[in-house]
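Down below is the structure, laid out as structure tokens.
Laboratory data are not the source of any read-out in this text; all were calculated from the coordinates shown. Quick caveat: nothing in here was measured; it's all calculated off a predicted structure. Ideal geometry is used to build each Cβ from the backbone, glycine not excepted, and the neighbour counts take in all protein chains shown.
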Amino acid sequence: MSTEQLFEAAREAMALCYAPYSKFPVGAAIRADDGRIYKGANIENLAFPQGWCAECTAIGAMVMGGGKKIVEIAVIAEKMALCPPCGGCRQKIAEFADRNTKIYLCDEAGIGKTMTMDELLPFSFATDTIDKG
């Protein structure tokens with residue numbers, strides 16, 4: 001699975017967004033531990049900002065599709081080059097990623113910046129540090 005395919009999947013997802021209030025389309029694509037790509041787009045509603053971010057939608061698709069772990073994720077926004085995930089999405093991604101998971105920030109030309117989860121969200125709440133007992 002190439003990073004180009006992940007980028008294309010994120011761009012396809014962005015085209016399906018529902019953003020009538022912010023007019024800020026975003027798409028995300030996750031390659032999960034099962035090898036599949038899961039896509040998501042931002043979905044707004046009238047009780048703005050109570051919608052779903054693209055990353056959150058992609059994570060939901062992954063979980064419902066049987067994926068357990070994010071191997072890599074690409075994010076693209078129509079109106080902002082190299083748009084990083086918001087703070088809430090960073091923590092949501094961290095729930096299903098590890099510190100070395102690759103995060104690709106994209107623009108219309110492709111992947112413009114690659115970073116790790118640890119670079120995107122240093123000092124995150126890590127699931128392995130919480131007693132689940």
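Observations on the model:
- Qualifying residue in segment 91-103 (condition: over 16 Å from residue 31 (Cβ atoms), buried (at least 16 other Cβ atoms within 10 Å of the Cβ) and under 12 Å from the mean Cα position of the chain (by Cα)): yes
- Residues of segment 34-79 that turn out to be farther than 13 Å from residue 22 by Cα and of a type outside the set (A, V, I, L, M, F, W, C), as a count: 15
- Top-ranked residue in segment 44-58 [being in contact with a Gly (Cβ under 7 Å, 6 or more places away or on another chain) and among the aliphatic types (A, V, I, L, M); ranked as farthest from residue 31 (Cα to Cα)]: 54
- Residue in segment 61-84 that is closer than 26 Å to residue 118 by Cβ, surrounded by fewer than 22 Cβ atoms within 10 Å (Cβ to Cβ), in contact with a Phe, Trp or Tyr (Cβ under 7 Å, 6 or more places away or on another chain) and of a type in the set (A, V, I, L, M, F, W, C) present: yes
- Selection within segment 54-80 - touching a strand residue (DSSP E or B) at 6+ places or on another chain (Cβ under 7 Å), of a type outside the set (Val, Ile, Thr) and in contact (Cβ under 8 Å) with a residue 60 or more places away in the chain: 72, 74, 77
- Across segment 57-73, the number of residues qualifying as closer than 20 Å to residue 105 by Cα and not in a helix (DSSP H, G or I) comes to 5.
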